[in-house]
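This report refers to the structure that appears directly beneath it.
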Amino acid sequence: MNTNFILRGFGHHAPERVMTNADLERFVDTSDEWITTRTGIKERHIVAEGEASSDLGLEAARNALAKAGLAASDLTHIVFATFTPDFIIPSSACVLQEKLGISGQFCVDVQAACSGFLYAMETARGLLALNPQAKVLVVAAEVVTSRVNWEDRSTCVLFGDAAGAAVLTAGDAAETPRVVDIMLGADGSLGELLTVRGGGSAIPYKLGEAVGEEYFVQFQGREVFKHAVRHMSAISQTLLAKHGMTTADVDVLIPHQANWRIIDAVGRKLEIPQERVFANVERYGNTSAASVPVAISEALDMGVIKPGNRVLVPTFGGGFTWGAMLLQF
Ligand code: ACO
């Protein structure tokens, strides 16, 4: 495959409302001390009533398009990663297309939980390899709090809502910033360790029935932790080795922002010192598929990622799914 995948622009957006750990203490049996020491999270953004994933995605997409110097009407494809779509039908990609005021493009949703952005980027690479003239918008937007059980302290303190977006085109071999490579994997036999089971065809909604705990995020924390660290580290090593690199060649590591302890453990396993690890989980919590594009976009805005930098982005999520992406700025 000879196509070069150029990153024209990154954008992100989070809802205005911020919920701090102190706010949570008022209605959940928890403490700032517990949340901080276990996760590193201090606050998270939460949508306003009626605000959906496509609304967050719209702002992130506008931001990415502005950075790319493109209009929405230039786009040919929209790939939308989310496990919290606005609706089952229409897809969030179609809803976003309508909100962008355009029509006719290829629109599809991708669901790979917290690895969704990387799966969507890989979809975009496939589309660009087939259609070198394409201009692809990749959006990852989540209202995770719509699938959070606020009565379950072991899950509700971890999540937040946000969106990130990237615009990709094909380009010349020497052009930057570009996607060097992406590697993805999954293991469905471990699916039961992290679920939102209710509301699909296996456990359908029944008219008039109250929803139970199975309609919200449930997971076995310690197991998820262990697999997340193992898979994010292993696939990162494999991806780097494929390109004749080691972690010494990585300028910035941006892992999925689930929990500071997971981020730190991945950094240690890869022997990448903390000053080369970017984290914003303290201010966002875990925003699932949105976590990685929000972090890349912020790191760019803050000047953490500089021209010439190599950025390694490992992810892990429900399914289980995992992946690693290598970017050259
Ligand atoms: N406040 C206070 N106490 C709490 C809270 C809370 N919010 N939540 C749980 N506890 C209590 C538990 O009830 C338990 O009490 P007990 O010992 O009396 O039974 C105690 O704290 C310890 O709970 P553990 O679950 O053993 O704590 P652990 O150190 O494993 O940390 C955590 C939990 C943070 C969930 C950790 O396992 C983790 O980070 N796992 C990764 C899971 C994750 O991030 N999932 C999100 C989606 S997956 C992804 O994005 C990759």
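Of all aspartates and glutamates in the structure, the ones whose alpha carbon falls short of 17 Å from that of Lys226, not counting any fewer than 8 places away in one chain, are Asp187, Glu192, Asp264. Projecting the Cα atoms of Leu56, Gly126, Pro15 onto the charge dipole of the chain, computed from C-beta unit charges around the Cα centre, puts Gly126 farthest toward the positive end.
Protein heavy-atom accessible surface, 1.4 Å probe, per residue over the chain: 42 Å². Helical runs assigned H by DSSP (4 residues or longer) give the chain a calculated mean residue ellipticity at 222 nm of -9500 deg cm²/dmol, each run adding -39500 (n - 2.57) before division by the residue total.
Given a 1.4 Å probe and the protein chains as shown, Arg283 ends up with an accessible area of around 90 Å².
Quick check for me: using +1 on Lys/Arg Cβ and -1 on Asp/Glu Cβ, what's the dipole size of the chain about its Cα centre, in debye to the nearest 20? All intermediate terms of the calculation are to be shown ahead of the outcome.
Values: 27 positive and 37 negative charges, 171 e Å.
For this selection, approximately 820 debye.
Across Phe87, Phe5, the residue with the most accessible area heads the list, and the full order at a 1.4 Å probe is Phe87, Phe5. Do the alpha carbons of any pairs in Lys99/Lys135; Lys67/Lys99; Lys242/Lys269; Lys135/Lys242 sit beyond 23 Å of each other, and which pairs? Result: Lys135/Lys242 exceed 23 Å. For region 1-68, the spherically averaged projection of the C-alpha convex hull amounts to 7.6 nm².
Treat region 135-280 as a sphere of radius equal to its Kirkwood radius over Cα pairs and apply Stokes-Einstein at 10 °C in a medium of 1.306 mPa s; give the translational diffusion coefficient in µm²/s, rounded to a whole number. Approximately 87 µm²/s, per Stokes-Einstein. Summarised in one figure, the compactness ratio Rg/Rh of region 221-329, Cα atoms and Kirkwood Rh, is 0.93.
Build a GNM of the chain with springs between Cα atoms under 10 Å apart, and of Asn149, Asn21, Asn131 the one that fluctuates most is Asn131. Measuring only protein heavy atoms, the 1.4 Å probe finds His243 accessible over about 70 Å².
May I ask you to work out the translational diffusion coefficient for the chain at 25 °C, viscosity 0.890 mPa s, via Stokes-Einstein with Rh from the Kirkwood sum over Cα pairs, reported in whole µm²/s? Could you put the intermediate results ahead of the total?
Numbers: Rh = 19.7 Å.
Reported coefficient: 125 µm²/s.
With all protein chains in place and ligands, DNA and RNA left out, the 1.4 Å accessible area ranks Tyr119, Tyr284 as Tyr119, Tyr284, largest first. Can you tell which of Gly116, Gly69, Gly212 shows the greatest fluctuation in a Gaussian network model of the chain with Cα springs below 10 Å? With Cα springs under 10 Å in the chain, the top fluctuation among Gly116, Gly69, Gly212 is at Gly212. Listed values for region 156-163 are Karplus-derived 3J(HN,Hα) couplings in whole Hz (6.51 cos²θ - 1.76 cosθ + 1.60, θ = phi - 60°), namely 5, 6, 8, 10, x, 10, 5, 8, and x replaces Gly and Pro.
Among Arg26, Arg62, Arg125, determine the one that fluctuates most according to a GNM of the chain built with springs between C-alpha atoms less than 10 Å apart. For the chain, modelled as a Gaussian network with Cα springs under 10 Å, the answer is Arg26. Placing +1 on the Cβ of every Lys and Arg and -1 on the Cβ of every Asp and Glu, with no other charges, gives region 4-171 a dipole of roughly 720 debye about its Cα centre.
Distance distribution note for region 4-171: the fraction of Cα pairs above 29 angstrom is 25%. Rounded to the nearest 20, the Cβ-based charge dipole of region 178-328 about its Cα centre (Lys and Arg +1, Asp and Glu -1) stands at 260 debye.
State, as an integer percentage, the relative contact order of region 178-328 based on alpha-carbon contacts under 8 Å between residues 6 or more apart.
Numbers: 239 pairs, mean separation 54.2, N = 151.
So the answer I get is 36 percent.
Please work out the C-alpha center-to-center distance from region 12-41 to region 55-89 and express it in whole Å. A separation of 28 Å, based on Cα centres. Residues Glu25, Glu275, ordered by accessible area of protein heavy atoms at a 1.4 angstrom probe radius and largest first, appear as Glu275, Glu25.
The values are calculated or read from the model by the stated rules, or taken from the named source; none is laboratory data. If you're wondering where the values come from, they're calculated on a predicted model, not measured in any experiment. Cβ: placed from backbone, ideal geometry, glycine included. Neighbour counts: every protein chain shown. Surface accessibility is based on the protein's heavy atoms, side chains included, excluding ligands, DNA and RNA. Shrake-Rupley method; radii C 1.70, N 1.55, O 1.52, S 1.80 Å.
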